[in-house]
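See below for the structure under consideration.
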Amino acid sequence: MPIPAPVPVAVEVVATRPEPADAAALAPIRRRADRAAVVAAYLVKVRLAEIPPATGAGWALFVGELRIPKYWEYVAGIFFKVFDPQFFVDHAGDRLRFSADMGTTFVDTDVTLGPPATRLTAELEDASTLPTQAEALSN
């Protein structure tokens with residue numbers, strides 16, 4: 001019997017300092033934006049009512065119709081990274097959904113994606129004022 005779908009209770013978007021491993025994902029955004037530096041990496045933290053048990057069969061996460069290819073666990077739930085602030089414009093108000101069969105059938109949630117709690121990259125000037133990703137995931 002499959003495990004029940006995760007139950008999100010809240011979503012928070014936090015601008016953080018990019019890590020060295022984020023450089024490859026940031027490079028095309030920097031070129032498109034014609035900017036020397038994109039300052040922030042955004043963590044979309046999805047707080048869950050309960051952390052599901054580890055299992056070989058998982059749930060695919062979607063924001064509206066878009067499948068989030070990678071997400072990770074943190075102390076209060078799951079998170080994924082967003083590097084292009086346009087993502088939040090394109091998916092504002094989209095519902096978080098889960099699928100056990102990679103997008104054929106869905107378990108809709110009552111949680112929708114909102115804007116970042118901090119300003120978008122274009123308005124940020126200095127990454128040193130942002131929390132590290134570890135700091136953002138610890139609280």
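The values are calculated or read from the model by the stated rules, or taken from the named source; none is laboratory data. These figures come from a predicted structure and were not determined experimentally. Every residue, glycine among them, receives a Cβ derived from its backbone with ideal geometry; neighbour counts consider all protein chains shown.
For the range 47-56, the criterion of a residue being farther than 16 Å from A134 by Cβ and under 14 Å from the mean Cα position of the chain (by Cα) is satisfied by at least one position.
For Q86, the conditions (1) touching a residue at least 12 places away in the same chain (Cβ under 8 Å); (2) surrounded by 13 or more Cβ atoms within 10 Å (Cβ to Cβ); (3) closer than 22 Å to Q133 by Cβ are fulfilled apart from (1). Would you check if L96 is within 21 Å of A136 (Cβ to Cβ), out of contact with any Asp or Glu (no Cβ under 7 Å at 6 or more places or on another chain) and at pLDDT below 90? For L96, the condition - within 21 Å of A136 (Cβ to Cβ), out of contact with any Asp or Glu (no Cβ under 7 Å at 6 or more places or on another chain) and at pLDDT below 90 - is not met.
Only one entry in V75, V89 is modelled with pLDDT of 90 or more and of a type in the set (V, I, T), namely V75.
Results for (1) of a type in the set (D, E); (2) without any contact (Cβ under 8 Å) to a residue 12 or more places away in the chain; (3) over 22 Å from L137 (Cα atoms), shown as yes or no for each residue.
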{"residue": "I3", "(1), (2), (3)": "no, no, yes"}
{"residue": "E12", "(1), (2), (3)": "yes, no, no"}
{"residue": "E19", "(1), (2), (3)": "yes, no, no"}
{"residue": "L26", "(1), (2), (3)": "no, no, no"}
{"residue": "A40", "(1), (2), (3)": "no, no, no"}
{"residue": "Y74", "(1), (2), (3)": "no, no, no"}
{"residue": "F80", "(1), (2), (3)": "no, no, no"}
{"residue": "V111", "(1), (2), (3)": "no, no, no"}
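Annotation: R67 fulfils all but one of (1) more than 24 Å from T132 (Cα to Cα); (2) buried (at least 17 other Cβ atoms within 10 Å of the Cβ); (3) at pLDDT 95 or above; the unmet one is (2). Looking only at the range 39-88, residues that are within 14 Å of T109 (Cβ to Cβ) and touching a Ser or Thr at 6+ places or on another chain (Cβ under 8 Å) come to 3 in all. For the range 115-137, the count of residues that are in a helix (DSSP H, G or I), out of contact with any Gly (no Cβ under 8 Å at 6 or more places or on another chain), at pLDDT 90 or above and surrounded by fewer than 18 Cβ atoms within 10 Å (Cβ to Cβ) is at least one. Would you please name the residue that is surrounded by the most Cβ atoms within 10 Å (Cβ to Cβ), looking only at residues in the range 70-83 that are more than 13 Å from Y42 (Cβ to Cβ) and in contact with a Leu (Cβ under 6 Å, 6 or more places away or on another chain)? Among those residues, the one meeting the criterion is G77.
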